[in-house]
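Let me begin by presenting the structure, written as structure tokens, before commenting on it.
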């Protein structure tokens, strides 16, 4: 059988879920994710909340901010709410209203699971469906829906070594164009916050090294 992968956010390292995913023969990769707790494919990110956290996120306003980020970044976002609704202490209309808003206004699929085991089983099934049945890849940089030239520029720059979405924005704000970034010196790149001399040198190499199929300079 083709290997099934899941990328898990490094802040979402619940051992019960990870052990269950391993039992289900998933290849687990721990990374720092800007959005979502699990990546199942290039179009599906899964956010997991306990029923208690779901309630808190409604009260403090986090829920719909997170929902907007999921909607704007992934074609088919999923929210798993883990635990029995009997532990939801707010009015039942608040619960149903929040679910309705997530589905209607944010295009988020909402799934309720009874416990961590069922959560892991659902995550595994989604990964299997996407990667085996739909032949879709799972990627660390997957999912962002590109709408503008600036989106594409941020995606291109963000794919450079050591460059995440925040640093990509800083580079583009400083140098204005990708061409200018490509022509920048190591010293100019080094002047950007969060880019050390070593990182600046690596970025400079990507733009200036000669292409070779066997080039292994990424080990720098």
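The values are calculated or read from the model by the stated rules, or taken from the named source; none is laboratory data. Keep in mind it's a predicted model, so treat the numbers as computed, not measured. With ideal geometry, Cβ positions are generated from the backbone for all residues, glycine too; neighbour counts draw on all protein chains shown.
Right, residue 27: under 19 Å from residue 139 (Cα atoms), at pLDDT below 95 and surrounded by 13 or more Cβ atoms within 10 Å (Cβ to Cβ) or not? Outline the logic, then answer.
Details: under 19 Å from residue 139 (Cα atoms): yes; at pLDDT below 95: yes; surrounded by 13 or more Cβ atoms within 10 Å (Cβ to Cβ): yes.
Yes.
State all residues of region 174-201 that are part of a helix (DSSP H, G or I) and either over 26 Å from residue 149 (Cβ atoms) or touching a strand residue (DSSP E or B) at 6+ places or on another chain (Cβ under 9 Å) (or both); if no residue qualifies, say none.
Within region 174-201, 186, 187, 190, 197, 198, 201 meet the criteria.
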